[in-house]
Number of protein chains: 4
Amino acid sequence: MGHSILKSDKKKNSDKHRRIIEAALKVFAKKGFYNSKVSEIARAANVADGTIYLYFQNKDDILISLFEEEMGNILDKMHQALQTVTDPAAKLERFADQHLTMLEENQELAEIIQVELRQSSKFMKEYQNDRFHQYLNIISGIIKEGQQMGVFRKDILPGVAKRAFFGALDEMSRYWILSPVKKYSTAVAAQQISAFFIKGMLVDPQTA
Amino acid sequence: MGHSILKSDKKKNSDKHRRIIEAALKVFAKKGFYNSKVSEIARAANVADGTIYLYFQNKDDILISLFEEEMGNILDKMHQALQTVTDPAAKLERFADQHLTMLEENQELAEIIQVELRQSSKFMKEYQNDRFHQYLNIISGIIKEGQQMGVFRKDILPGVAKRAFFGALDEMSRYWILSPVKKYSTAVAAQQISAFFIKGMLVDPQTA
Amino acid sequence: MGHSILKSDKKKNSDKHRRIIEAALKVFAKKGFYNSKVSEIARAANVADGTIYLYFQNKDDILISLFEEEMGNILDKMHQALQTVTDPAAKLERFADQHLTMLEENQELAEIIQVELRQSSKFMKEYQNDRFHQYLNIISGIIKEGQQMGVFRKDILPGVAKRAFFGALDEMSRYWILSPVKKYSTAVAAQQISAFFIKGMLVDPQTA
Amino acid sequence: MGHSILKSDKKKNSDKHRRIIEAALKVFAKKGFYNSKVSEIARAANVADGTIYLYFQNKDDILISLFEEEMGNILDKMHQALQTVTDPAAKLERFADQHLTMLEENQELAEIIQVELRQSSKFMKEYQNDRFHQYLNIISGIIKEGQQMGVFRKDILPGVAKRAFFGALDEMSRYWILSPVKKYSTAVAAQQISAFFIKGMLVDPQTA
DNA sequence: CATGAATGAGCTTTCATTCAT
DNA sequence: AATGAATGAAAGCTCATTCAT
């Protein structure tokens, strides 16, 4: 919190901020945060090493900023994608599909989120990850909505279910990131995973 | 792969190997792999810095060995826990409960597996994680068994379901590792998560 | 030597030169030469970083120019202060009083002269400090005058005495610069120190 | 304060600590603290760069340690030199002679004390220079002794006189450090300077 | 004249690894 | 087998200086 705030005004007059973020995306994804050198990012961004520090406080700040910005985009896109859907079950399936598609289209970002930021104790412990919680809460929102509409069972804990659902998707994407060949299409995986949860949460037919 | 093979014989004559692994467990869990110093591990294990290199090839090898050994234990315990259960649905619930309980009882190990070992693309890409795949395959084994017994639907892809199920549990444990207070008990979370999947995979009553 | 010569004409058309010198005075006094940043001076002077280089060749030149100009002022004031005094002994006491008073009134300048300019072998060796020698020579001038008038002993080496006298005053002012509380007033210290030297240099009464 | 305390035990088994101090003496004297590189000191000491940090906390600590140790030696030698003298006036002359001789024989140390440590605001403000105060207090001790014996006037403030005397000697040595040729011998300068102060402080003959 | 974004050389410090004892 | 002092490559970051605007 508070990272890059003073310096972010500079974004307006220059694309360097963006160039650096995008360079960092590539470099971090390829080598991992700790094995990436600031000078590599600088070279990839076509700026001098020192220029990095005009736009970011330090190496950590590059990663945090990268995450904040990209996660902001992802949140926006997800909200847009869900706008046209009303049925909670359909929303969950849409979420799954959008999530996996998005990560598939942004392999590098997916990798960074997976292995560098979400996993790193350094960042996870020190950095209160609001954007990520907002993302998870989209899921619990859908579930609560479904419960109110009488579609999903009332005994489901949305706080558990949101994590379970996200985790299921996440593990799937981790698999894809790390394995060169995909056995299943994004659509099939999204459909299967959301189906587990939808069926698993539906009000029992006989009870209804 | 190939790590510590020559040197692992030394285990027999000495507890230093074990002392180092256990020291590393504590240190890596607390500080993270890249922020842990070999000398810290040495101090925690009560050996000289150089001694580490009599038992491990390098710092990476400590982490890999740690993971291999601990994962071996986990696999053994899981097999044992499942031995007494026969019903596939019950097995899944047992798996979930055992998984979360185990991680709860080994917070440090849980943290390392979560944030350190999976973290780095370095490790995930270079190191073929057999033990982890064996662990995942326990899940798909149960699912396939359920399908053969006609309990679970045939259209379920075990390769997707195993990851989804593991991911759901994993995200739950990540939450617990990183958050100081737990809102849900291990048992409740295990029950809910397995219930989603069981219900989600069951053969439809009317179809049956 | 040769610093700022071409650029010093600019003084006439602008107060920026003066603003920068005065800003540097504050900044160097507070942080020391090596720990002061050119950008800090620029900010304090309310000019852009680059503007500094329109008026000074480089960071060193700021310090040298500052010293030259301020030392010029000090020389002028000292000559003025001594104009009304004729007796060599009284002149020495006046010198001491004026010296300590001046430094007391210009703490920042005093500090820079003390700790920054004299400090660095870099400056002391490379920069022939004419103004400083002129200042010292005021003292030896008084002593020689006293010797010619038969007031001070002929065996006194003016070259040694000037340094001794200046050093005595200088150490006193160093003490004041570095210690937060003053035990002795400027006047008392000036009187005591000049008394040592006057008594110490006077022609022996019986010999006279 | 507290510098190098933990690490100083290592001195016992190795001359590296001493080698580094002596290398730093040369390098700092030649280039000044801020213009000296740690790697230069390492090279001059014939150790690896990293070895420096086994014996010193950081670059600052090298300078402080150097000063503490050398100043300790100087204090010892001065106490020894004064042991055989009883008359306060003779003691002052002895002090002056010993001081100038010592600095003459240790030009490099003299230069560092003069221009790096005593003058540097960084060190003078942050570092309570006990050894230096002990040194000054040798002078005031002699003066007080002389006052009690009725040799020096009671109105002399020892706190002023010690600084004046030290300052006089110090300025003399600064001159020698910075100027290539010496016009006056150490002995002559010592004699003249101490004579000023002795005569200046003596009880007036007629008053006595 | 004035600006301030950009540069990149250069420095301190760290720490995995080695090897003489 | 065990030690731990020594190594030295490597990297993050700073800041005096420049130059296009």
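Quick check on B:Lys26: is it at pLDDT below 90 and of a type outside the set (A, V, I, L, M, F, W, C)? No, not satisfied. Any residue at all in the range D:143-160 that's of a type outside the set (A, V, I, L, M, F, W, C), within 9 Å of chain C (Cβ to nearest Cβ) and part of a helix (DSSP H, G or I)? Looking through the range D:143-160, at least one residue is of a type outside the set (A, V, I, L, M, F, W, C), within 9 Å of chain C (Cβ to nearest Cβ) and part of a helix (DSSP H, G or I). The number of residues in the range D:160-186 being within 24 Å of D:Gly141 (Cβ to Cβ) and under 18 Å from the mean Cα position of the chain (by Cα) comes to 14.
Answer yes or no: is there a residue in the range D:162-174 that is at pLDDT below 85 and surrounded by fewer than 18 Cβ atoms within 10 Å (Cβ to Cβ). No, there is no match, as no residue in the range D:162-174 is at pLDDT below 85 and surrounded by fewer than 18 Cβ atoms within 10 Å (Cβ to Cβ).
Please determine, by comparing only the residues of the range A:34-52 that are surrounded by fewer than 16 Cβ atoms within 10 Å (Cβ to Cβ) and in a helix (DSSP H, G or I), which one is farthest from DNA strand E (Cβ to nearest atom). Spell out the reasoning first.
First pass over the range A:34-52, keeping only residues surrounded by fewer than 16 Cβ atoms within 10 Å (Cβ to Cβ): A:35, A:37, A:39, A:43, A:46, A:48-50.
Of the ones still in play, those that are also in a helix (DSSP H, G or I) are A:39, A:43, A:49-50.
Values: A:Ser39: 8, A:Arg43: 10, A:Asp49: 5, A:Gly50: 2 Å.
Selected residue: A:Arg43.
Whenever a residue of the range D:192-208 is at the interface with another protein chain (Cβ under 8 Å from one of its Cβ atoms), it has no partner that is assigned to a helix (DSSP H, G or I) and modelled with pLDDT under 85 lying with C-beta atoms less than 8 angstrom away and at least six residues away or across chains. Can you name the residue in the range A:55-86 that is away from DNA strand F (no atom under 16 Å from the Cβ) and assigned to a loop (DSSP other than H, G, I, E, B) and is also surrounded by the most Cβ atoms within 10 Å (Cβ to Cβ) among such residues? Selected residue: A:Val85. Of note, C:Ala96 satisfies the criterion of being at pLDDT 90 or above and within 12 Å of chain D (Cβ to nearest Cβ). Within the range B:55-74, if we keep just the residues that are within 11 Å of DNA strand E (Cβ to nearest atom) and among the charged types (D, E, K, R), the residue that is farthest from the other protein chains (Cβ to nearest Cβ) turns out to be B:Asp61. If you filter the range A:24-54 down to residues that are among the small types (Gly, Ala, Ser) and within 14 Å of another protein chain (Cβ to nearest Cβ), you find that the one that is nearest to DNA strand F (Cβ to nearest atom) is A:Gly50. Say we look at the range C:161-196 and pick out the residues that are not hydroxyl-bearing (Ser, Thr, Tyr) and not in a helix (DSSP H, G or I); which of these is nearest to D:Ile156 (Cα to Cα)? Going through the qualifying residues, I end up with C:Lys183.
Within the range C:177-190, can one find any residue that is facing chain D (nearest Cβ under 9 Å), touching a residue at least 60 places away in the same chain (Cβ under 8 Å), buried (at least 16 other Cβ atoms within 10 Å of the Cβ) and among the aromatic types (Phe, Trp, Tyr)? Looking through the range C:177-190, none of the residues is facing chain D (nearest Cβ under 9 Å), touching a residue at least 60 places away in the same chain (Cβ under 8 Å), buried (at least 16 other Cβ atoms within 10 Å of the Cβ) and among the aromatic types (Phe, Trp, Tyr). In the range C:34-47, the residues that are at pLDDT below 95 form Cβ pairs under 7 Å with partners that are within 9 Å of DNA strand E (Cβ to nearest atom), at six or more places apart or across chains, as follows: C:Tyr34/D:Tyr34.
The values are calculated or read from the model by the stated rules, or taken from the named source; none is laboratory data. Note that the structure is a prediction, hence the values are computed from the model and not measured. Cβ sites come from the backbone with ideal geometry, for glycine too, and all protein chains shown count toward neighbours.
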